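Data block below; observations after.
Values in this text are rule-based calculations from the coordinates and carry no lab data. This is a predicted model, so every value here is computed, not measured. Positions of Cβ are backbone-derived with ideal geometry, glycine not excepted, and every protein chain shown enters the neighbour counts.
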Amino acid sequence: MKQRDIAERVVITGMGAVTPLGLSVQESWEGMVAGRSGISTITLFDASDLPIRIAGELKGFDVTEYLDIKEARRMARSSHLALAAGIQAMADAGLGDQVPNPERAGVVMGTANGGFDAGVETWETLKNKGYKRINPFTFVAILPNMPAHHLSARFRCLAYNSTVVTACASGTQGIGEATEAIRRGAADLMLAGGVEGLIHPATIAGLATMRVLTTGNDSPETAMKPFDARRDGFAFSEGSAVMVLERLDHALERGARIYAEVLGYAANTDAYHVAIPDPEGAGAVRCMRWALEDAGVEPAEIDYINAHGPGTEVGDATETKAIKILFGEHAYRVPISSTKSMAGHASGGTGAIEAMACVKTIETGIIHPTINYEVPDPECDLDYVPNVARKAGVHTTLSNSFGLGGQNACLVLRCYQE
């Protein structure tokens, strides 16, 4: 492990999440360990005319548990979900409603689409009801940086603020960039994570025409099949996870509970194609290698990999190839699982949800399974922890996010050691 000064070490002291598996970290984690699918028939709109009618929706989410209804109407759903996860994370970190030192606290959030839904709804209002019926907060609600803004305003985070928009890598990169902000001295504490709140007819239709969505309408719970030979795409989902990151000495001074340490981070691009990963996995290999180098750990020290594992034919095979290239024989010994097999693909939020799963794996010593794995694929021949959770001593994890446009981001997390 790379020896860093205490002022450069970054630890996780709080977490919050709303996912298709539950409306808290604990509920979501219990669903993952149980191997429960969060994919179901779409209820947020009438999808009967679409070829794909399933998604990973939040069940029972009520924004008024977190926000006044008047305030909520001024925001897109992505901001609702980010605030819910952020409020949970702050409470979990024992910080309440305001950070200890506003000028030393910041926010980095990742999202792929931001408030796109608010823009589409405004266009429909303009066409059908006219200019005077448009919500004056519409343009603000559309902006991708609004989840980060609302978190900063809610908790008085006045330092570094940024929004990462790198498709499926956004949530992972959000946590990584927040870590870098603390390391370089721009903040003592950061709220960081990712969010997507866009189960919308336009999104489902667009992804369906790309042929990246699973067609398992008749059996939503078994539709997501990462690494299985029958895989035919992912189920789009929504959700958010937010973490409280702190400089180690800051966390120790206030007596914070420490979940894990962020050891390493890297982000890069394939520079290959807008949707297809580099078939040789070169970008993924570089990103994983650079994250391990940043952490100062060897491939053999990784105890668990949370795979990107989207359930696409090319994506899963390419990630498997990349892991084998970098890890060599250790690739066949390290357990790997796909959170998306249960939670679906929450685009800009998915990496943060998966990082949360890594933290819970370190904390509990349980690796959640890759569900619906029944038919092995010769191209995907590693240990994907099929169908049933596994007890294991996990100290160091690698979380992969490989997204559209060849955007890659990886995080190395480790149990906290003095």
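Show me 379-386, 187-194, 108-115 ranked by packing, highest mean number of other Cβ atoms within 10 Å first.
Taking the mean over residues of other Cβ atoms within 10 Å, the ranking is 187-194, 108-115, 379-386.
Residue by residue, what Karplus-based ³J(HN,Hα) values in Hz, rounded to whole numbers, does region 216-230 have, using 6.51, -1.76 and 1.60 with θ = phi - 60° and x for Gly and Pro?
Ordered by residue, 3J(HN,Hα) equals x, 4, 6, 9, x, 5, 10, 5, 7, 10, x, 6, 7, 4, 8 Hz.
Any idea how far apart ASP249 and ARG36 come out in nm if each label point goes 7 Å out from Cα toward Cβ?
Between ASP249 and ARG36, the simple spin-label model gives 4.4 nm.
Calculate, in nm to one decimal, what ALA91 and GLU65 gain on full extension: separation in residues at 0.36 nm each, minus their alpha carbon distance.
Separation in residues times 0.36 nm, less the Cα-Cα distance, equals 7.9 nm.
Note down the Stokes-Einstein diffusion coefficient of region 159-202 in µm²/s, whole number, using a Kirkwood radius over alpha carbon pairs, 37 °C, and 0.692 mPa s. It would help to have the intermediate numbers written out before the result.
Details: Rh = 11.4 Å.
Diffusion coefficient, whole number: 287 µm²/s.
Let a ≥ b ≥ c be the square roots of the eigenvalues of the Cα gyration tensor of region 22-81; is it rounded (a/c under 1.5), or, if not, prolate (a/b larger than b/c) or oblate?
Cα axes put region 22-81 in the oblate bin.
Give me the percent of DSSP beta bridges within region 264-414 that run antiparallel, rounded to the nearest 5.
That works out to approximately 75 percent antiparallel.
Cα convex hull of region 1-129: mean projected area in nm², to one decimal?
Directional mean of the projected Cα hull area for region 1-129 stands at 12.5 nm².
Looking at the chain only, what percent of DSSP beta bridges run antiparallel? Nearest 5 please. List each step's numbers first, then the result.
On the way: 42 of 61 bridges.
Of those bridges, close to 70 percent are antiparallel.
Just from its helices, what would the mean residue ellipticity at 222 nm be for the chain, if runs of 4 or more DSSP H residues each count -39500 (n - 2.57) and the sum is divided by every residue, rounded to the nearest 500 deg cm²/dmol?
Value at 222 nm, helices only, nearest 500: -10000 deg cm²/dmol.
Full-extension gain between TRP123 and ILE276, please, as 0.36 nm times their residue separation minus the C-alpha to C-alpha distance.
Values: separation 153, 0.36 × 153 = 55.08 nm, distance 3.13 nm.
That works out to 52.0 nm of additional length.
Arrange the following residues from fewest to most other Cβ atoms within 10 Å of their Cβ: HIS368, HIS395.
Neighbour counts put them in this order, fewest first: HIS395, HIS368.
Where in region 280-315 does the amide nitrogen come within less than 20 Å of the point 7 Å from the Cα of GLN417, taken along Cα to Cβ?
291-306
Report, please, the projected area of region 235-379 averaged over directions, based on the convex hull of its C-alpha atoms, in nm².
Mean shadow area of the hull around the Cα atoms is 9.7 nm².
Only counting other Cβ atoms within 10 Å, I'd like VAL107, VAL18 sorted with the fewest neighbours first.
Fewest-to-most Cβ neighbours within 10 Å comes out as VAL18, VAL107.
Under the classification rounded if a/c is under 1.5, otherwise prolate if a/b is larger than b/c and oblate if not, where does region 95-170 fall, given a ≥ b ≥ c as square roots of the Cα gyration tensor eigenvalues?
Cα axes put region 95-170 in the oblate bin.
How long are the semi-axes of the equivalent ellipsoid of region 10-260, taking √(5λ) for every eigenvalue λ of the Cα gyration tensor, in whole Å from largest down?
Numbers: eigenvalues 196, 107, 46 Å².
Output for region 10-260: semi-axes of 31, 23, 15 Å.
For VAL375 and LYS132, calculate 0.36 nm times their separation in residues minus their Cα-Cα distance, and state this gained length in nm to one decimal.
Here the segment from VAL375 to LYS132 would lengthen by 81.8 nm.
How do PHE137, PHE61, PHE402 rank when sorted from fewest to most other Cβ atoms within 10 Å of their own Cβ?
Ascending number of Cβ neighbours within 10 Å: PHE137, PHE61, PHE402.
Distance cut-off 31 Å, Cα to Cα: go down the list LYS132/LYS340; LYS2/LYS321; LYS59/LYS225; LYS59/LYS132; LYS324/LYS391; LYS2/LYS391 and report the pairs above it.
From the list (LYS132/LYS340; LYS2/LYS321; LYS59/LYS225; LYS59/LYS132; LYS324/LYS391; LYS2/LYS391), the Cα-Cα distance tops 31 Å for LYS132/LYS340; LYS59/LYS132.
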